[in-house]
1. Are any residues in region 357-367 of a type in the set (A, V, I, L, M, F, W, C) and surrounded by fewer than 24 Cβ atoms within 10 Å (Cβ to Cβ), and if so, which ones?
2. Would you point out the residue of region 184-222, among those that are touching a residue at least 24 places away in the same chain (Cβ under 8 Å) and among the charged types (D, E, K, R), that is surrounded by the most Cβ atoms within 10 Å (Cβ to Cβ)?
3. Given the residues Ile126, Ile162, which is the only one that is outside any helix (DSSP H, G or I) and either in the same structural domain as Phe95 (by TED's automatic domain parsing) or closer than 19 Å to Ala382 by Cα (or both)?
4. Just to be sure I understand, how many residues within region 223-257 are over 19 Å from Leu190 (Cα atoms) and surrounded by 23 or more Cβ atoms within 10 Å (Cβ to Cβ)?
5. Tell me yes or no: at least one residue of region 332-347 is hydroxyl-bearing (Ser, Thr, Tyr), at pLDDT 75 or above, assigned to a helix (DSSP H, G or I) and over 17 Å from the mean Cα position of the chain (by Cα).
6. Give Val235, Val229 a once-over and let me know the one that is outside any loop (DSSP other than H, G, I, E, B) and in contact with a helix residue (DSSP H, G or I) (Cβ under 8 Å, 6 or more places away or on another chain).
Amino acid sequence: MIEGVLLTVGFLLVAGVIGGSFAKWVNLPKLTGYLAAGIAIGHQGFDLLPHNQIDALSMPVNELAMALVLFVLGGQFRFSSIRDHFKPLMAMSLFESGITFVLVTALTYPVLGSLGGSILLGVMAIAVAPATTVEVLREYRAEGPVSDGLRLLCALSNVWAILFFEIALLVLFALSGFDATPWDAAWDVLGAMLYGLIAGHALILMQERIGRGNYSVALLTTLLLTIGVCQATGVPHMLAMLVTGSVVVNRSRFFDPVVESMEHFAQPAYVAFFVLSGMHLDFQILVDNWVAASLYVLARVIGKVIGARVALRTIQDAIPGLEAHGGPPIGLGLLCQAGAAIALATLAGEYDEELGKQLLSIVLGAVVIFELIGPILVRHVAIAAGEVRISELMKGGHRKEEKVPWFNVMGRAFRGRDVAATGMTLDDLKVEQIMRRSPRSLDAASSLDEVLRFANHSPFNQFPVIGREDKLIGVIALQDLEQVAFDRRVTGLMIARDLVSSEPSQCSLLQTASLSEAVAFFQEYELNTAAVVNDRNRGGLVGMIERAEVLGLVRSLQGKATTTPAGKLSNP
C-alpha cells in the first residue's frame, strides 16, 4: 500500500510537470496545465489512478497547500505599509462583496426556491480561491499596487465569506428550529482567531529558538499542529491561517525569509493540489445543475466585476494604482473559486445535510468554470496593469503584442522559443513595454522617517520623488540615504526633496524610448533603477525600469551575453 501511494504521488507530480510545461508552451498559466492534467488522468479522462489512494491523498495535500497559501495571504496585512489605504481597501472589498451577495441571492432564488439556500449561496460567492490567485501572481512574478491589491482583496473576501456565513447559518437555522446557538458561530470565528494568534506567536518563538537559516521546520510544525487542533475542536482553519501570517509579518522580521524558504518545498504541494483539483472536477455535475450553476456564475461574474468598478468610483480616498478610470478590470482577478467555497458548502451540510448537498452540487458545477477561466483572467489583470515583466511573458511564448500567423506555429515549435529567432531588434521594444507601471513614489514633502519606511518596503534601491501633478522631481539613491539616516542633527530637518541626488533629466527615460536608447542611457547612468516619464516637459512618473531587465532582454535578443552593447551594461 505504501509503495502504491508513493507511486501515485510521483505520477501526480509527473502529470503536473507535463501539463504545466504544455501550458507554458502555449502561453497559458501553468496552473491551467495542472488542472488539465488532473482532468486527463482522472475519472473524466483516462482514469489512471486508484480512487481510494486519490481520496486518501486529497485531504492532507489540500489542507497543507491551502494553509501555506493562506499564511502568505495573511502576510499581506503588513500594517506599516498598508495603513494609508487599508480603510479604502476594506470599504471596496465590503462594497464589492455586498453587490456580489445581492446579485447571486436574487438570481438563484427562483431556481432554488429557498431563501435560506440562496442567501448561503450568495455568501459563498464572496469567497475567492486563494491558492489559484496567489499561484498565478507568483508564477508571473507580478509586482505592483494592482497585484498587491488583488492579494489583499482575496484575503479580505475570504474573511467576509467566513464571518457572514457563520452569521447567516446562525440566523437561518435558529429561525428554522435547528439547535444552533450564537456560541456555535462565535466559537468558529473567535476560536479560529485565537488559534491563529497562538500559532503566530508560537512560530516566532520557535524560530527564535531554532535560529536563522532553518525556517521550513518551524513553519510546517506550526501549520500542521494548528490544522490538527482546528479539526479536533471543529473550527474552520482558513481564518486561523490568515491570522497566523498577519501576526508573523507584524510582530517579527521572520515573515520574508519564511516565505522564501517555502519556495524549496511548497511548489510540489501546489502542483499536487491543482492536479488533484482537476481530477475532482466533475462535468456531469455541471450538466445536471446547469441552470442554477449558470445563474450562479453569471451573477458572481457581474457582482465581482461591476462591484469592484463601482466601489472604486465610490470610494473618496483613491487607492494608488487601482483608479476606476482607465485602470485594469481588477474584478476579473477575483473570479477564481474552489477550496474556500467548497469548504463552506460542506460546513452547511453539517447543519442541514439536504441543503448542503444542493449547495455543494451548484458550487462544484461553477468551480469547473471558474477554475478553468480564473487563472487566465488573473494573468490578464496583472498584464493589463503592467506589473508582469515582458521577459516573463517571453519565457512562455511570444509577446502579447506579437501576432503569429497560424502557418508559422509549427515552424516556431521546431525553432524553439529563443527570442532572437523572432527577428526582433533593440528598436522593436519600447521602454513602456518593459517598465513596471504605477510605481510607488514619495511626495516631495515626505519626512525622513516616511522616506525610511518607504525604502524598507521598496523593491528598488532608488526611490522616485514627485511633486504636483505627479511630476518627477528626481530619485533618492539608497547609498545617499544611508549617509543621513543616522545623523540626528538633520533627522527632523530634511524632507524627501532635500535628499534627491539625481535630476529628472539624469535619472529618467521617456516611455516611448526604444530598448537601444535604454542601453545607451544605462551605459552613462550609474544607478541600477531609472524612472520612466510620459513627457519631458510634463515629466509625469509612469513607471520604473531596471538595468538587469534591460540587460536580460538584450542578451535574449542578441543570443549571447557579451555582445556589444549588452556587455557594457553591467554595473559593478
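The values are calculated or read from the model by the stated rules, or taken from the named source; none is laboratory data. All values derive from a computational prediction rather than experimental measurement. Note that we place each Cβ from the backbone using ideal geometry, even for glycine, and neighbour counts take in every protein chain shown.
1. Matches in region 357-367: Leu360, Leu364.
2. Asp188
3. Ile126
4. Final tally of qualifying residues: 2.
5. no
6. Just a single option satisfies the conditions, and that option is Val229.
Each row is one residue, and each column tells you yes or no for (1) touching a residue at least 24 places away in the same chain (Cβ under 8 Å); (2) among the polar types (S, T, N, Q); (3) touching a Ser or Thr at 6+ places or on another chain (Cβ under 7 Å).
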| residue | (1), (2), (3) |
| --- | --- |
| Ser441 | yes, yes, no |
| Ala445 | yes, no, no |
| Arg453 | yes, no, yes |
| Ser458 | no, yes, no |
| Asn461 | yes, yes, yes |
| Leu472 | yes, no, yes |
| Ala477 | yes, no, yes |
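Results for (1) aliphatic (A, V, I, L, M); (2) at pLDDT 85 or above, shown as yes or no for each residue.
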residue: Ile204; (1), (2): yes, yes
residue: Met241; (1), (2): yes, yes
residue: Arg251; (1), (2): no, yes
residue: Val258; (1), (2): yes, yes
residue: Ser277; (1), (2): no, no
residue: Leu295; (1), (2): yes, yes
residue: Ile302; (1), (2): yes, yes
